[in-house]
Amino acid sequence: MNTPPMNMIDMPEAIVANSNQAFSTEYERSQKSEQNKLQKRLRREVGQAIADFSMIKAGDKVMCCLSGGKDSYAMLDILLNLQKSAPVSFELIAVNLDQKQPGFPEEVLPEYLAAMGIEYHIIERDTYSIVKDKVPEGKTTCGLCSRLRRGILYNFAEEHGVTKIALGHHRDDLLETLFLNMFYGGKLKTMPPVLHSDDGRNTVIRPLAYSREKDIARYAELRQFPIIPCNLCGSQENLQRQVIKEMFQQWDEQHPGRLESMFGALRNVEPSHLADTSIYDFREGKRLGASGQVVQTAMPSQEPEQNFGRLDVLNL
């Protein structure tokens with residue numbers, strides 16, 4: 001018996017359906033592969049930062065501060081992943097500060113964290129009203145907002161036995177802060193990967209210190225984190241940091257490798273080739289500590305004829 005021919009109208013639809021299904025499967029496979037590669041890269045970078053700066057030790061209770069942005073989501077995700085295979089045992093809790101910004105979706109983070117099965121705390125403080133009351137219209141709110149937020153989180157950490165406070169600042173944040181301090185503050189400093197508070201109560205760590213923002217952004221997109229935009233400060237125009245960020249984006253496109261070289265400079269500092277007499281005794285040729293004590297003596301100078309004609313970037 002002959003098989004009846006396929007309806008001419010149905011044939012293209014069947015082909016299109018199969019083609020779409022194949023394309024969808026291939027697309028999902030590609031997305032999954034990219035996500036896995038990014039996760040491995042971020043895991044490696046976070047693990048290296050933790051090791052290089054002794055960020056987490058056995059028995060630590062690490063408080064991951066979540067803002068609802070891509071960086072803090074990625075930080076928590078990678079730390080949870082690392083926790084499963086870490087050579088030391090440490091505890092992770094998630095904390096969000098609800099600053100009572102109008103329109104803030106209060107249900108997003110609790111639902112996400114509950115689904116993750118991690119211990120979490122939502123701290124409710126109306127810092128939004130304080131900032132809007134104290135900061136004149138048209139001025140940036142970041143400074144006061146961050147100080148209030150930091151104080152609340154520091155106190156919470158001490159009250160709950162937290163030994164490390166993890167923030168989601170990444171490599172680009174460190175470089176941007178360096179340039180902000182140089183351009184507008186007249187200081188050569190940035191966010192350190194590890195910061196011990198002056199009173200000794202808290203230790204802040206930045207596990208994403210080696211990670212690029214564009215990698216984190218793509219990872220957050222692939223993982224489909226429920227991002228919550230900051231309507232208080234993130235939407236302000238003409239922020240100094242945004243100007244620096246745009247400058248970096250242009251450099252990264254036009255001069256590949258420049259940002260990597262700049263970050264390398266943060267880890268390769270020569271006090272004797274700067275001009276701060278509080279960290280280097282130029283008369284004696286000795287490096288000084290914070291208290292003004294000698295911590296390293298310069299190498300004996302070479303004979304004049306050995307130095308003569310020597311070139312480096314400072315001489316060109």
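The values are calculated or read from the model by the stated rules, or taken from the named source; none is laboratory data. All figures in this text were calculated on a predicted structure; none of them were measured in a lab. Glycine gets a Cβ as well: all are built from the backbone with ideal geometry, and neighbour counts include every protein chain shown.
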>> List pairs: first residue in segment 34-51 and in the same structural domain as residue 174 (by TED's automatic domain parsing) and touching a residue at least 24 places away in the same chain (Cβ under 8 Å), second residue part of a helix (DSSP H, G or I) and of a type in the set (Gly, Ala, Ser) anywhere in the structure, Cβ distance under 9 angstrom, at least six positions apart or on different chains.
In response: 42/74
> Right, residue 111: assigned to a helix (DSSP H, G or I) and among the acidic types (Asp, Glu) or not?
Replying inline: yes
> Any idea which residue in segment 35-87 is nearest to residue 221 (Cα to Cα), counting only those that are out of contact with any Pro (no Cβ under 9 Å at 6 or more places or on another chain) and among the hydroxyl-bearing types (Ser, Thr, Tyr)?
Replying inline: 72
>> Can you find a residue that is touching a Pro at 6+ places or on another chain (Cβ under 7 Å) and under 28 Å from residue 47 (Cβ atoms) anywhere in segment 157-175?
In response: yes
>> Checking the condition at pLDDT 95 or above, in contact with an Asp or Glu (Cβ under 9 Å, 6 or more places away or on another chain) and within 14 Å of residue 166 (Cβ to Cβ), which residue from 53, 90 passes?
In response: 90
> Limited to segment 30-66, what total is found for residues that are of a type in the set (Val, Ile, Thr), within 15 Å of residue 203 (Cα to Cα) and outside any strand (DSSP E or B)?
Replying inline: 2
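For (1) in the same structural domain as residue 278 (by TED's automatic domain parsing); (2) assigned to a helix (DSSP H, G or I); (3) loosely packed, with under 12 Cβ neighbours inside 10 Å, each residue gets a yes or a no:
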site	(1), (2), (3)
154	no, yes, no
180	no, yes, no
184	no, yes, yes
195	no, no, no
207	no, no, no
210	no, no, no
221	no, yes, no
246	no, yes, yes
249	no, yes, no
> In segment 81-105, how many residues are in a helix (DSSP H, G or I) and either in contact with a Cys (Cβ under 6 Å, 6 or more places away or on another chain) or touching a residue at least 40 places away in the same chain (Cβ under 8 Å) (or both)?
Replying inline: 1
> So is residue 122 among the aliphatic types (A, V, I, L, M), in the same structural domain as residue 196 (by TED's automatic domain parsing), surrounded by fewer than 15 Cβ atoms within 10 Å (Cβ to Cβ) and not in a loop (DSSP other than H, G, I, E, B) or not?
Replying inline: yes
>> What pairs come out if I take residues in segment 106-121 that are closer than 12 Å to residue 94 by Cβ and of a type in the set (Asp, Glu) and pair them with residues that are at pLDDT 95 or above and not in a loop (DSSP other than H, G, I, E, B) whose C-beta lies under 9 Å away, six or more apart or interchain?
In response: 119/91; 119/92; 119/93; 119/94; 119/113
>> Can you tell me how many residues within segment 184-206 are without any contact (Cβ under 8 Å) to a residue 12 or more places away in the chain and closer than 18 Å to residue 151 by Cα?
In response: 5
